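I have placed the structure first, in the form of structure tokens, so that the comments after it can refer back to it.
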């Protein structure tokens with residue numbers, strides 16, 4: 001006969017939440033994010049569609065970014081080994097300019113964008129294309145777009161089906 005004791009922690013019944021289906025706690029494939037006017041704080045009619053955390057587009061993008069980082073690291077290690085063999089000083093990692101960082105970040109974030117509704121900004125109408133998404137996200141004069149899309153894309157809670165439906 002076993003003498004093991006199991007502690008059971010329970011909360012008062014009023015603190016339990018009924019779960020109808022655990023699928024309600026999984027991520028939605030996409031999110032339609034309505035851009036907020038940065039001056040007024042009010043939602044606009046401009047809607048961006050973003051790939052969710054478990055979407056095939058997002059998973060492929062994560063793999064691509066990981067491969068790029070591994071390649072950069074491998075090149076740096078090879079350069080260090082070559083420098084050590086040649087009895088030369090260890091090479092420094094190449095520094096990216098702010099513009100290069102902004103362009104790379106915009107390209108990566110645009111990889112999560114599946115579309116957006118047409119919008120007119122500064123007298124120019126932008127229809128969705130990957131190139132237009134990159135252009136808008138990389139524009140330092142429109143960094144409010146990048147910030148909103150980045151926050152929406154990285155907020156996994158926003159992609160929760162039960163959260164998105166409320």
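The values are calculated or read from the model by the stated rules, or taken from the named source; none is laboratory data. Owing to the predicted nature of the structure, the values given are computational and were not obtained by experimental measurement. Cβ sites come from the backbone with ideal geometry, for glycine too, and all protein chains shown count toward neighbours.
You will find that of 81, 145, the residue that is touching a strand residue (DSSP E or B) at 6+ places or on another chain (Cβ under 8 Å) and more than 23 Å from residue 60 (Cβ to Cβ) is 145 and no other. Elements of the type helices (runs of 4 or more DSSP H) sitting completely within the range 54-166 and holding at least 3 residues that are surrounded by 12 or more Cβ atoms within 10 Å (Cβ to Cβ), touching a helix residue (DSSP H, G or I) at 6+ places or on another chain (Cβ under 9 Å) and at pLDDT 85 or above: these cover 56-85, 98-110, 130-138, 143-154.
When the range 1-53 is limited to residues that are surrounded by 10 or more Cβ atoms within 10 Å (Cβ to Cβ) and in a helix (DSSP H, G or I), the one that is modelled with the highest pLDDT turns out to be 25. Checked against (1) closer than 24 Å to residue 160 by Cα; (2) out of contact with any strand residue (DSSP E or B) (no Cβ under 8 Å at 6 or more places or on another chain), residue 57 passes all but a single condition, namely (2).
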